[in-house]
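Have a look at the structure below before the remarks.
Read the figures in this text as sums done on the coordinates, not as results from a lab. A quick note: this is a predicted structure, and the numbers were derived from the prediction, not measured. Cβ atoms come from the backbone with ideal geometry, glycine included; neighbour counts cover every protein chain shown.
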Amino acid sequence: MKVLIFMTQFIRLNGAERLGVELAEALNKRGIRADIVSLYSEAIPRASEAKEELLRRGIPSVFFLGLPVHPSPFRLIPAAVALRRLVRKGGHDIVETSQISPTVIALWTTLWGPTRHIAGLHHVYSRKLHNSLYQRFWRWSTKVNRRTQFYAISDYARRAWLGYSRTSAGRTRRIYNAIPDECFTVVPDRSGVRDEFGIPRDGRIALYVGRLAAYKGIDTALDALLPVLDAHHLYLLYVGPPDYSVADTKQMMETVQRRIAETNLAKRVLFVGSRDDVPRLMAASDILVHPARTEGFGLVLVEAMAASLPLVASNVEGIPEVLEGTDSIMVPPDDPEALRQAVLRTLYRSPEETNMAVEKGRRRAEDFRQKNRIEAMLRLFQNTINN
């Protein structure tokens, strides 16, 4: 079996991109050749360096289709032709995608011929929110290529997809996301992390991890915690890059920055950008705050549980499924008061209550080990080839 993991880019490994690279690494370690192809050009800044890093990590071949960032729909046709040439030359049996543009291209590339297509669904889709002309073309393409199989990252995301796409239920299964094993073994470095960010050794850290986007509830976290930062010796640490491609994010970030300036609490609210040591930061923090307005899964929730970090999250979409069986408190989205009370309640649990919550969280995190996802993906690959 030969697999081609097709993603938009691998310069910055966000959730779906990181899972794609980890899948390719794991397959190659098992003797199954898995190459990677980017939608974009190698001329994009840092693309060549990212390619060399993937080769060092054991990926046999790394390709580029050569499109610019945010290509027009008219560029997708030559991209599909280029991808068809690539899979024919490489003899790939499977093309795996996890984003809309690669999925559309792969749907048409694999319409005829021996190569099969598997598409990951990493978001919760609805016709109310995702109904642009391009998204309607995507839905129509899934009906044209009926051989494509799908996997959703939660049961909630799967149900939403079936209603959104109106494809047959037999074409979509649920395969949970996974986290690296290092999340379970990270050693706490509370003093080192506090020294790095200029936080007193006895300061508490409320951590947010993820893209800074409007739908992630960045502003809700700020509204909830600003009034209590001083009184409870709290520091709010935002980890992740701004994503201005998401609607309303620019305005939200401007409002957030203005709120911080007005309260003179800039020293207690820190934006540290992208980090490659998230498990270390989690193990050194006191609570994870995840007030998302929409969330099909929430990888950071599992990472926090594995790192023994208590958390508070919104009770939306796939989050209750991920936190099932834990003592994590969930609150409605866009409710700063409920979020504030949940954070304080979690911070002031007794040692016995905290230990019990942490243990339940770690047990739940075991369900999302990387080996479980790889085994499920392999079964999907094999079934797709055989049918």
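Got a sec to turn the phi values of region 298-305 into Karplus ³J(HN,Hα) couplings, 6.51 cos²θ - 1.76 cosθ + 1.60 with θ = phi - 60°, whole Hz, x for Gly and Pro?
Coupling constants for region 298-305: x, 4, 5, 5, 5, 4, 5, 4 Hz.
Would you please give the residues with an amide H less than 5 Å from that of Phe63, counting only those at least 5 places away or on a separate chain, with H modeled from the backbone geometry?
Ile36, Val37, Ser38
Give me the net charge for the shell around Glu352: Cβ to Cβ below 12 angstrom, other residues only, Lys and Arg +1, Asp and Glu -1.
-2
How big is the charge dipole of the chain about its Cα centre, in debye rounded to the nearest 20, if each Lys and Arg gets +1 on its Cβ and each Asp and Glu gets -1 on its Cβ?
With Lys and Arg at +1 and Asp and Glu at -1, about 1960 debye.
Provide Phe368, Phe271, Phe6 in ascending order of the number of other Cβ atoms located within 10 Å of each residue's Cβ, fewest first.
Least to most surrounded, the residues fall as Phe271, Phe368, Phe6.
Compare the peptides 59-66, 219-226 by average per-residue count of other Cβ atoms within 10 angstrom and give them in order, highest first.
Values: 59-66: 18.2, 219-226: 22.8.
The densest-packed peptide leads the list: 219-226, 59-66.
Just how many % of Cα pairs in region 327-387 lie over 17 Å apart, if you round to the nearest whole percent? Kindly include the intermediate steps, with their values, before the conclusion.
Working: 1123 of 1830 pairs.
So the pairs more than 17 Å apart make up 61 percent of the total in region 327-387.
Test of understanding: ordering Met377, Met253 by Cβ neighbours within 10 Å, fewest first, what list do you get?
If I rank by nearby Cβ atoms, fewest first, I get Met253, Met377.
Mind running the shape call on region 263-340? Use the C-alpha gyration tensor, a ≥ b ≥ c as the square roots of the eigenvalues: rounded below 1.5 for a/c, prolate if a/b tops b/c, oblate otherwise.
oblate
Going through region 9-67, which trypsin sites (Lys or Arg not before Pro) have at most 14 other Cβ atoms within 10 Å and a DSSP loop state?
Counting only loop positions with at most 14 other Cβ atoms within 10 Å, the trypsin sites (Lys or Arg not before Pro) in region 9-67 are Arg12, Arg30, Arg46, Arg57.
Work out how far the C-alpha atoms of region 182-367 reach from end to end along every principal axis, then list the three figures in whole Å, largest first.
Reported extents, whole Å, longest axis first: 40, 37, 31.
Suppose only helical runs count, i.e. DSSP H with n ≥ 4. What mean residue ellipticity at 222 nm does that imply for the chain under -39500 (n - 2.57) per run, divided by all residues and rounded to the nearest 500 deg cm²/dmol?
My calculation for the chain gives -13500 deg cm²/dmol from helical runs alone.
So for the pair Glu182, Asp248, with labels modelled 7 Å out along Cα→Cβ, what separation do we get in nm?
Roughly 3.5 nm, to one decimal.
To test your reading of the geometry: what angle, between 0 and 90 degrees and rounded to tens, separates the Cα axis of helix 133-144 from the longest principal axis of the chain?
It works out to around 50 degrees.
Quick one: which of Lys29/Lys89; Lys51/Lys371; Lys267/Lys360; Lys29/Lys216; Lys29/Lys360; Lys216/Lys360 span more than 27 angstrom between C-alpha atoms? Before the final figure, lay out each step's value.
Values: Lys29/Lys89 23 Å; Lys51/Lys371 25 Å; Lys267/Lys360 34 Å; Lys29/Lys216 35 Å; Lys29/Lys360 32 Å; Lys216/Lys360 25 Å.
As for pairs spanning more than 27 Å Cα to Cα, those are Lys267/Lys360; Lys29/Lys216; Lys29/Lys360.
List the relative contact order of region 210-353 as a percent without decimals, with contacts defined as Cα pairs under 8 Å and 6+ residues apart.
It rounds to 25 percent for region 210-353.
How much net charge surrounds Thr384 when only the other residues with a Cβ under 12 Å from the Cβ of Thr384 are counted, with Lys and Arg +1 and Asp and Glu -1?
Residues close to Thr384 contribute a combined charge of +3.
Hey, what angle do you get for helix 249-263 against the long axis of the chain, alpha-carbon based, 0 to 90 degrees rounded to 10?
Tilt relative to the chain: about 10 degrees.
Just want the answer: with Cβ charges of +1 for Lys and Arg and -1 for Asp and Glu, which residue in Gly170, Phe297, Ala34 is farthest toward the dipole's positive end in the chain?
Gly170
With everything on Cα atoms, drop me the angle between helix 100-109 and the longest principal axis of the chain, reported from 0 to 90° to the nearest 10.
The angle comes out at about 10 degrees.
Could you work out the Rg to Rh ratio of the chain, with Rh taken as the Kirkwood radius (inverse of the mean 1/r over all Cα pairs)?
0.98
Taking the Cα centre of region 182-367 as origin and charging only Cβ (+1 Lys, Arg; -1 Asp, Glu), how large is the dipole, in debye to the nearest 20?
Dipole magnitude for region 182-367 comes out near 440 debye.
Assuming a ≥ b ≥ c are the square roots of the Cα gyration tensor eigenvalues, decide whether region 112-156 counts as rounded (a/c under 1.5), prolate (otherwise, with a/b larger than b/c) or oblate.
It is oblate, given that a/c is not under 1.5 and a/b is not larger than b/c.
When only DSSP loop residues count, what chymotrypsin sites (Phe, Trp or Tyr not before Pro) in region 93-136 have their Cβ near at most 11 other Cβ atoms within 10 Å? Before the final figure, lay out each step's value.
On the way: sites: Trp108, Trp112, Tyr125, Tyr134; in loops: Trp112, Tyr125.
Qualifying residues, ordered by number: Trp112.
How do the peptides 170-176, 135-141 rank, highest first, by the average count of neighbouring beta carbon atoms within 10 Å per residue? Spell out each step's value before the answer.
Working: 170-176: 16.7, 135-141: 15.0.
Averaged packing, sorted descending, gives the order 170-176, 135-141.
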